[in-house]
Amino acid sequence: MKRLLIAALCCLPLLGQAKEAEYANGDPLMNQRVMEISAELRCLVCQGQSLADSHSDFAIDMRNQIQEMMEAGKSNREVINFLVERYGETIRYRPSVNATTALLWFGPFALLLIGIGILYFNVLRRKKQIQDQPLSAEEQRRAEAMLQQDSSGDKQA
Amino acid sequence: MWRYLVPLVVFIVLSLFLWKGLQLDPRDVPSPLVNKPAPQFDLPLLSDPAVHIKRDEMLGQVWILNVWASWCVSCRQEHPVLMRLARQNIVPIYGLNYKDEREAGLNWLNDFGNPYVASGFDANGRVGVDYGVYGVPESYVIDKQGVIRYKHTGPVSDEALMTTILPLVKELKG
């Protein structure tokens, strides 16, 4: 019984989930949209946080402005384009896929394929080098003699 | 021979990239506005809310837009540099008082000096967003056609003035 209680108490920290910055303001559906977009955008002041996570003034301002734009009827894409025009592609966590960012998006897969290719090639080459050659009669006898010695003599390898 | 050479070459190339990477500042966001027209604005003056300042008023001259605020500590760092620049009368400096309180801004200028021809009062920071401001202070060099030619993020140092900003201004003035 005591163990059960201890186990239950150990689960208490799970209640302390780190929440993203509260943005309580009016229409919950709009809030959700704002937060969705904010999660896609980088906070330029707090390195490593999204606009949704960050509590900095910059992030708060940005979220406010995003909400204003949405209330004015702008679509998600229009809002993101608006910010990219002014802050550059850096503000997006997921860079758009175009000629410039193709290397970023597909590079790792390309490298993976090249790596697999090289591996396969090497293994194939090595396999060709190691040819199983049948033992001559003499060698066969010696091999069998050794095997019998191992099993009867119970020698440690 | 090749099996020793290829990993070595790959290692050297990788090292070069990483070394270059160490010199890059992740906080420095390159501005997409360089070589694009400076966004329009129409703001009340910090000194007199009844008078407005518009971007188009500056057409025909090379000018510097400096984004500042009384709450910004780094702005105090660059302030003497701006004061010296203003005294040299090479290029007019216009201020964008960003997300500040009118009284605080005016007091700040009174206490430390005013290098600006005029300061626009951007209370809610919307003009700042148009200019891609994310951390004050920031300074823009704008040419006679109203095109942004250079953006300097962070406090302006004498070195930045000497090496980049002033030569550019001289070039733009023709």
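The values are calculated or read from the model by the stated rules, or taken from the named source; none is laboratory data. The shown structure was predicted, so the numbers you read here are calculated from the model rather than taken from an experiment. Cβ atoms come from the backbone with ideal geometry, glycine included; neighbour counts cover every protein chain shown. For accessibility, only protein heavy atoms count, side chains too; no ligands or nucleic acids. Shrake-Rupley method; radii C 1.70, N 1.55, O 1.52, S 1.80 Å.
Counting Cβ atoms of other protein chains within 10 Å of each residue's Cβ and taking the mean over peptide A:62-69 gives 1. The fraction of accessible area contributed by carbon and sulfur in the range B:1-133 is 61 percent, rounded to a whole number (1.4 Å probe; ligands and nucleic acids excluded). Measuring heavy-atom accessible area with a 1.4 angstrom probe and counting protein chains only, none of the residues of the range B:33-75 gives up at least 50 Å² relative to the chain alone.
Note on chain A: with a GNM built from Cα contacts shorter than 10 Å, the maximum mean-square fluctuation among A:ALA39, A:ALA137, A:ALA72 falls on A:ALA137. Give me the Kirkwood hydrodynamic radius of the protein assembly as shown in Å, from all C-alpha pairs, to one decimal place? Computed over the protein assembly as shown, the radius equals 25.5 Å.
With Cα atoms defining each centre, the range B:1-62 and the range B:116-152 are spaced 14 Å apart in the structure. Looking at the range B:73-156, the GluC sites (Glu not before Pro) that sit in a DSSP loop and have at most 15 other Cβ atoms within 10 Å of their own Cβ are B:GLU101. Chains B and A together bury roughly 1300 Å² of accessible area, counting both sides, with a 1.4 Å probe on protein heavy atoms only. Between B:GLY21, B:GLY125, B:GLY95, the residue with the greatest mean-square fluctuation in the GNM of chain B (Cα pairs under 10 Å linked by springs) is B:GLY21. With a/c under 1.5 counting as rounded, go ahead and sort the range B:85-147 into rounded, prolate or oblate using the C-alpha gyration tensor (a ≥ b ≥ c being the square roots of the eigenvalues; past the cut-off, prolate if a/b is larger than b/c, else oblate). Cα axes put the range B:85-147 in the oblate bin. Rolled with a 1.4 Å probe across the full set of protein chains, the surface gives B:LEU22 an accessible area near 150 Å².
Computed over the Cα atoms of the range B:2-83, pair by distinct pair, the Kirkwood hydrodynamic radius stands at 18.1 angstrom. Starting from the amide H of A:SER50, placed 1.01 Å from N in the peptide plane, find each other amide H under 5 Å away whose residue is 5 or more places distant or on another chain. Amide H neighbours of A:SER50, under 5 Å, 5+ apart: A:CYS43. Potential lengthening of the chain between A:ILE130 and A:ARG77 amounts to 13.2 nm, from the contour at 0.36 nm per residue minus the alpha-carbon distance. Axis of helix B:2-23 versus longest Cα principal axis of chain B: the two differ by about 10°, to the nearest ten degrees. Return one number: the angle in degrees, 0 to 90 and rounded to the nearest 10, between the long axis of the Cα atoms of helix A:137-153 and the longest principal axis of the Cα atoms of chain A. Once rounded, one gets 80 degrees.
Put simply, the convex hull of the Cα atoms in the range A:1-155 casts, on average, a shadow of 23.2 nm². Cα extents for the range B:55-126 along the principal axes, largest to smallest and rounded to whole angstrom: 31, 27, 18.
Working from the alpha-carbon coordinates of chain B, get Rg over Rh, Rh being the Kirkwood radius. Dividing the radius of gyration by the Kirkwood radius yields 1.13. Just to confirm the number: angle between the C-alpha axis of helix A:57-71 and the first principal axis of chain A, 0 to 90 degrees, nearest 10? Roughly 70 degrees between the two axes.
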